[in-house]
Amino acid sequence: MKIEQIPRLMVFPAGAGPHALANASPREMSLKEETMTPEGMSAKLGSLLGVAIKPDIPVNYGKYLRMTLAVQAAGAGAYLAYKLVNLRMLGRNLWAIATIMFVLLMTSGFMWNKINDPPYMGQAKGGEVALFVPTNNQQFAVETQIVAVTYAVCALCIVILVRHAPKIQSADQRTFITLLFVAVLMLMFSYLNSVFRLKMPGYPFKLLLE
């Protein structure tokens, strides 16, 4: 059958009967992002077969149950934090951590994913898993997680080098910690640079990684 990629949806129209088509030859339906939903799939099949198809989507009670439990858990956690934790003492560090997490999340493409709802990952021409789209106009959802974790490691290295490494009393330990986290920072930033080169094929510069 010479199948190189999956999944594939083959449509075999009726050749006889009241719903017969003039051209009843088999055809393949392209599985794009807009056709991977029940509404998109039914609309595409309806246009191919010439009939109106209405999807029957059952109510997802589990989704509403999870949302309810999540809201209750968040409320209970906030109440316990207010009662048990001295927020005035933790306020500065708490706001710093929350701000850094928000910045990392937004700079990694989280809102683009929420607006465009891309697939989690893709498939390359050879059939292997693709984690990055080689263009700056599209991305997979997994890209956000990879980039956010890489940014977080870079931020952690900066915080350790600026705030904690200078306080180490032993000169040998201070030198070792400094060189270690500088190396990790260079490696992570080089990886980010390689990702940028993948997304922007014409970018001429590189650091350590291709």
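The values are calculated or read from the model by the stated rules, or taken from the named source; none is laboratory data. This one's a predicted model, so the numbers in the text were calculated from it and none came from an experiment. Neighbour counts are summed over all protein chains in view; Cβ atoms, including those assigned to glycine, are modelled from backbone coordinates with ideal geometry. For accessibility, only protein heavy atoms count, side chains too; no ligands or nucleic acids. Shrake-Rupley method; radii C 1.70, N 1.55, O 1.52, S 1.80 Å.
Figures for the structure shown
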{"quantity": "Dimensionless Rg over Rh [region 87-210; C-alpha; Kirkwood]", "calculated": "1.07"}
{"quantity": "Dipole of region 87-210 [Lys/Arg +1, Asp/Glu -1 at C-beta], most positive-end residue of A124, M200, Q145", "calculated": "Q145"}
{"quantity": "Loop-located chymotrypsin sites (Phe, Trp or Tyr not before Pro) in region 144-210 whose Cβ has at most 12 other Cβ within 10 Å (DSSP)", "calculated": "F205"}
{"quantity": "Global size of the chain as Cα Rg and Dmax, reported in angstrom", "calculated": "25.8, 88"}
{"quantity": "A130-N93 pseudo-label distance in nm [points 7 Å out on the Cα-to-Cβ vector]", "calculated": "4.5"}
{"quantity": "Whole-percent carbon and sulfur share, accessible surface of region 61-210, 1.4 Å", "calculated": "69"}
{"quantity": "Proximal charge balance of G46 [Cβ under 11 Å; K/R count +1, D/E count -1]", "calculated": "+1"}
{"quantity": "Residue-span extension gain [L105 to A155] - 0.36 nm each, minus C-alpha spacing", "calculated": "16.7 nm"}
{"quantity": "Residue-normalised accessible area of the chain, expressed per residue, 1.4 Å probe, Å²", "calculated": "76"}
{"quantity": "Net charge dipole size for region 126-210 [Lys, Arg +1 and Asp, Glu -1 on Cβ; Debye, nearest 20]", "calculated": "300"}
{"quantity": "In Å², nearest 10: area of V159 left accessible to a 1.4 Å probe", "calculated": "60"}
{"quantity": "Theoretical gain in end-to-end length, M67 to N116 [0.36 nm per residue, Cα-Cα removed]", "calculated": "15.5 nm"}
{"quantity": "Interchain or long-range residues, amide H under 5 Å from V11's placed H", "calculated": "R27, E28, M29"}
